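Here is the structure we will look at, set down as structure tokens.
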Number of protein chains: 2
Amino acid sequence: MRNIALKLSYDGSRYHGWQRQKNAATVQETLENALSEVLKSNTKVLGCGRTDAGVHARVYCANFRTEGKIPADRLPFALNALLPDDISVSAAAEVEEDFHAVFSSVRKEYTYYVHNGRFKDPFYRNRAYFYPERLDLGALREAAAAFVGTHDFSAVRSVGTNVKTTVRTVYAFEALEEGDLLALRISANGFLYNMARAMAGTVLYAAIGKIKPEEIASILGSGDRRLAGPTVPPHGLYMTGIWYGGESRAAALFNNRQ
Amino acid sequence: MRNIALKLSYDGSRYHGWQRQKNAATVQETLENALSEVLKSNTKVLGCGRTDAGVHARVYCANFRTEGKIPADRLPFALNALLPDDISVSAAAEVEEDFHAVFSSVRKEYTYYVHNGRFKDPFYRNRAYFYPERLDLGALREAAAAFVGTHDFSAVRSVGTNVKTTVRTVYAFEALEEGDLLALRISANGFLYNMARAMAGTVLYAAIGKIKPEEIASILGSGDRRLAGPTVPPHGLYMTGIWYGGESRAAALFNNRQ
């Protein structure tokens, strides 16, 4: 069986998240339907993460196994012709037999977009979290820095899925100003459920003075979800990067930013 | 009666254009409903132009008359609280008694966004026209320059509304590259029906070699719509500016770019 990795992006506004579920449109199901039609065989894909309803992906990886003979580089054209305009496949490559979209990944990046304007912007509807408060970006960045490193992230996750450990390593947590948008960019070896949105909510609380940056360490230490900031809404969240190990073919596909 | 001008922006994707019509949601009707609620009195607005279904506005002017006492600078907050997230009011000011959103304007600007990428981008759905062809921007700019000046623009309009004259003055027609987006920015003293979209379609034809830039003058001279390029789809079109005359209060509101 060939093992093929797809690089895709999607606007999550019209979907109930990535993962297939009954009676609701999901990105996985939409992709599987297009793929099954192209390959003329019922085909299941494995996604690199379960994004929630309304969450977007600028970069996402899904892999699948097939006996089909279609050259991998024809797949983006064939799939895009069938996919709705809010899902797009930009690359496909045959990868190693043991490649797994989740377990082969060594690093992931999420970016949370905050629209810090005076009035809502129609073009950020479903795309960025409107947050008109005056922000202290110095305090926000100080709070963000306190998350970097290897910690137990129980204080900034929602309980929902079983995980072996709640320890993760955050490599970077940066705040980038892009006009009236604030991009909160977090990369880590993995994310707990709702961790990116709770971290974004917590640094926003620091930016409006509701949490002091120097309290972040003890909030993480407590493991108490109630001490951190809120889980901010899904529509501001984008998966923006995934990295794969070593010299693998998936690494060549994903590890270079466009 | 007070005469109040509103500065607004909207994502036109979910609307059947600006102008109120039976059995279809329009921007005008949505705004009038919010305004009537805020002013506690049935209120009609006059818009600066009829945008078609799917067309957007980053800058739009509407004025209305009222006996209401609400301070103009409270209107953006009051209206935005009632308006859906795809319409936003960013400013309001009491203007001269004789101000008219259409007739007082001295210049308008439309920008047509073309997504010239290899694959469709989910985040440009409903927002830019996907046009993956290889473009000769030199030819496109040469064709655009041929539209500048005072001409009869019959060859690039759709017949639909009665107008006294089909002569207009185009002040500028520029092509700006913004990443994989190409912004075709046209300003004129006025636009005929579908004129901006037909002009965009015509310079795109020049960019792919279907029309020669030096033919534009004779196409305009012919007045024959069939000789120019196609009317490109509405979702790439944005109203991006409007200017008002002299020292008027509306001029202060609209004539400076944000």
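The values are calculated or read from the model by the stated rules, or taken from the named source; none is laboratory data. The model shown is predicted, which means the values in this text are computed figures rather than measured ones. For neighbour counting, all protein chains shown are included, and Cβ atoms are generated from backbone atoms with ideal geometry for every residue, glycine included.
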Check your understanding: So which residues in segment B:112-123 are touching a residue at least 12 places away in the same chain (Cβ under 8 Å) and not in a loop (DSSP other than H, G, I, E, B)?
Key -> B:Tyr112, B:Tyr113, B:Val114, B:His115
**Study point:** Of residues in segment B:57-106 being among the acidic types (Asp, Glu) and closer than 22 Å to B:Ala251 by Cβ, the one surrounded by the most Cβ atoms within 10 Å (Cβ to Cβ)
**Key:** B:Glu94
Study note, to complete from the structure: Residues in segment B:125-156 that are without any contact (Cβ under 8 Å) to a residue 12 or more places away in the chain and within 23 Å of the chain's Cα centre (by Cα) total 1
Study note, to complete from the structure: Inside segment A:124-145, the number of residues satisfying the requirement of being surrounded by fewer than 21 Cβ atoms within 10 Å (Cβ to Cβ), part of a helix (DSSP H, G or I) and hydrophobic (A, V, I, L, M, F, W, C) is 3
Check your understanding: For segment A:160-174, what are the residues that are under 17 Å from A:Asn194 (Cβ atoms) and either touching a residue at least 24 places away in the same chain (Cβ under 8 Å) or crowded, with 19+ Cβ neighbours inside 10 Å (or both)?
Key -> A:Gly160, A:Thr161, A:Val163, A:Thr166, A:Arg168, A:Val170, A:Phe173
**Study point:** Failed condition for A:Phe254, given (1) surrounded by 21 or more Cβ atoms within 10 Å (Cβ to Cβ); (2) modelled with pLDDT of 95 or more
**Key:** (2)
**Study point:** Residue selected from segment B:122-138 under the condition closer than 17 Å to A:Ser9 by Cα and of a type in the set (D, E, K, R), by the criterion nearest to the other protein chains (Cβ to nearest Cβ)
**Key:** B:Arg125
Study note, to complete from the structure: If we ask which residues in segment B:1-34 are surrounded by 24 or more Cβ atoms within 10 Å (Cβ to Cβ), more than 11 Å from chain A (Cβ to nearest Cβ) and in a helix (DSSP H, G or I), their number turns out to be 1
Study note, to complete from the structure: Considering residues that are without any contact (Cβ under 8 Å) to a residue 40 or more places away in the chain and out of contact with any helix residue (DSSP H, G or I) (no Cβ under 7 Å at 6 or more places or on another chain), the number found within segment B:222-257 is 7
Revision key, fill the gap. Reported set for segment B:108-121 where residues are away from chain A (no Cβ under 14 Å) and either within 30 Å of A:Leu83 (Cβ to Cβ) or surrounded by fewer than 18 Cβ atoms within 10 Å (Cβ to Cβ) (or both) is B:Tyr112, B:Val114, B:Asn116
Check your understanding: So which residues in segment A:71-105 are in a loop (DSSP other than H, G, I, E, B) and more than 12 Å from every other protein chain (Cβ to nearest Cβ)?
Key -> A:Pro71, A:Glu96, A:Glu97, A:Asp98, A:Phe99, A:His100, A:Ala101, A:Val102, A:Phe103, A:Ser104
Practice item. Have a look at A:Leu220, A:Leu192, A:Leu184 and point out the one that is in a strand (DSSP E or B) and either at pLDDT 95 or above or of a type in the set (A, V, I, L, M, F, W, C) (or both). Key: A:Leu184
Revision key, fill the gap. The condition of being aromatic (Phe, Trp, Tyr) and either surrounded by fewer than 16 Cβ atoms within 10 Å (Cβ to Cβ) or more than 17 Å from A:Ala139 (Cβ to Cβ) (or both) holds, among A:Tyr205, A:Tyr193, only for A:Tyr193
Review point. Consider A:Arg157 against the criteria (1) modelled with pLDDT of 95 or more; (2) buried (at least 20 other Cβ atoms within 10 Å of the Cβ); (3) basic (Lys, Arg): it satisfies all of them except one. Which criterion is unmet?
Key: (1)
Review point. Within the group B:Ala53, B:Ala62, which residue is away from chain A (no Cβ under 14 Å), under 19 Å from the mean Cα position of the chain (by Cα), in a loop (DSSP other than H, G, I, E, B) and of a type in the set (Gly, Ala, Ser)?
Key: B:Ala53
